[in-house]
Each structure stands twice: as structure tokens, then as C-alpha cells.
Amino acid sequence: MELTAEIAAIRSGAGDSGRLLGEFRRAVLLVPLPDGPDAGLMSAVSGGIRWIYAFTDEEALARFAAARGEANAGREWEYLSILGARLVDAVVPTADRPAGVAVNVADEDGSMFFPPVVGIVPDGSAVDLDRGEVA
């Protein structure tokens, strides 16, 4: 099953979180580069979490551009093609704050968030890991 189908299954209540995570890690995702390859990845901060935008295909990215009012602005959207596993294992740990991945955010019934928690991101980047710290 592909990632979009697994997202749909989860959203309908018939999916499996393990399969969802596996499909996410195997999926080639498109991550917009806001101002070219030297500017980093397009993201937003909400609730103290940096959410990296990722899309399952060019059509999903185009819907995001349209939702932002930028679909017909003559702008060509550059993006990075990257495996979901590489995004969470190599990119998330370099973020300036806890980071997760928001997939297909312009698709009301097809979006999915992969938060910075144990099992999704490396333990050192997870916000829910008890590190035994004493206040």
C-alpha cells in the first residue's frame, strides 16, 4: 500500500500505525525549497514544533501552492525529493527546535502529521522521551 492509501486507512479508522510509519519511511516525499536550495526546507512553527512540509506528489504540492494563493503567480516551486526515513533520521535532528513532518497539509481529508516523538524521530530529537532529568 502507498502512503496516501495508508493515510486514508488511518483516517477512516481501519489503518495500522505501524504500516503507516513504514509507508512514510519508504515514501519519496517532495519538500519545497522556499527560496532555492540554499535557503533550507519550507516549514512552519506551531506550538513550539517546527513542521517540515512534505508532499506525496506534485499534485499535492500544487494544491498547497493554490491554498497559499501562489499557484498562478508565475513562481516555479523548487523542491527536494527525499525518503521519509532520511527526512526524519537525518534532517529533523538538525532543526533549531523539535521538528516533525506535515504531509499533504493542503488536503483536508488526506493530510497526516508525524510528530517529534519516540518511534517516529530519533530518540535524541523526541519530545516525549523521559531523559531522567531532575528539575
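No lab work stands behind these numbers, since they all come straight from the coordinates. Quantities reported herein were computed from a predicted structural model and do not represent experimental measurements. So basically every Cβ, Gly included, is an ideal-geometry build from the backbone, and we count neighbours across all protein chains shown.
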Is it fair to say residue 110 is closer than 15 Å to residue 23 by Cβ and part of a loop (DSSP other than H, G, I, E, B)? yes
Can you confirm whether residue 63 is of a type in the set (Lys, Arg), outside any strand (DSSP E or B), touching a residue at least 60 places away in the same chain (Cβ under 8 Å) and surrounded by 10 or more Cβ atoms within 10 Å (Cβ to Cβ)? no
All positions within segment 11-52 that are part of a loop (DSSP other than H, G, I, E, B) and among the β-branched types (Val, Ile, Thr): none
Within segment 13-26, is even one residue surrounded by fewer than 12 Cβ atoms within 10 Å (Cβ to Cβ) and either over 25 Å from residue 125 (Cβ atoms) or within 11 Å of the chain's Cα centre (by Cα) (or both)? yes
Given the criterion of a type outside the set (Lys, Arg), out of contact with any Lys or Arg (no Cβ under 9 Å at 6 or more places or on another chain) and in a helix (DSSP H, G or I), identify the matching residue among 90, 85. 90
Only unsatisfied item for residue 70, checking (1) outside any strand (DSSP E or B); (2) within 11 Å of the chain's Cα centre (by Cα); (3) of a type outside the set (A, V, I, L, M, F, W, C), is (2)
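The rows are residues; the columns are (1) over 25 Å from residue 4 (Cβ atoms); (2) touching a residue at least 12 places away in the same chain (Cβ under 8 Å); (3) surrounded by 15 or more Cβ atoms within 10 Å (Cβ to Cβ).
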position: 32; (1), (2), (3): no, yes, yes
position: 40; (1), (2), (3): yes, no, yes
position: 58; (1), (2), (3): no, yes, no
position: 67; (1), (2), (3): no, yes, no
position: 70; (1), (2), (3): no, no, no
position: 80; (1), (2), (3): no, yes, yes
position: 84; (1), (2), (3): no, yes, yes
position: 92; (1), (2), (3): no, yes, yes
position: 99; (1), (2), (3): no, yes, yes
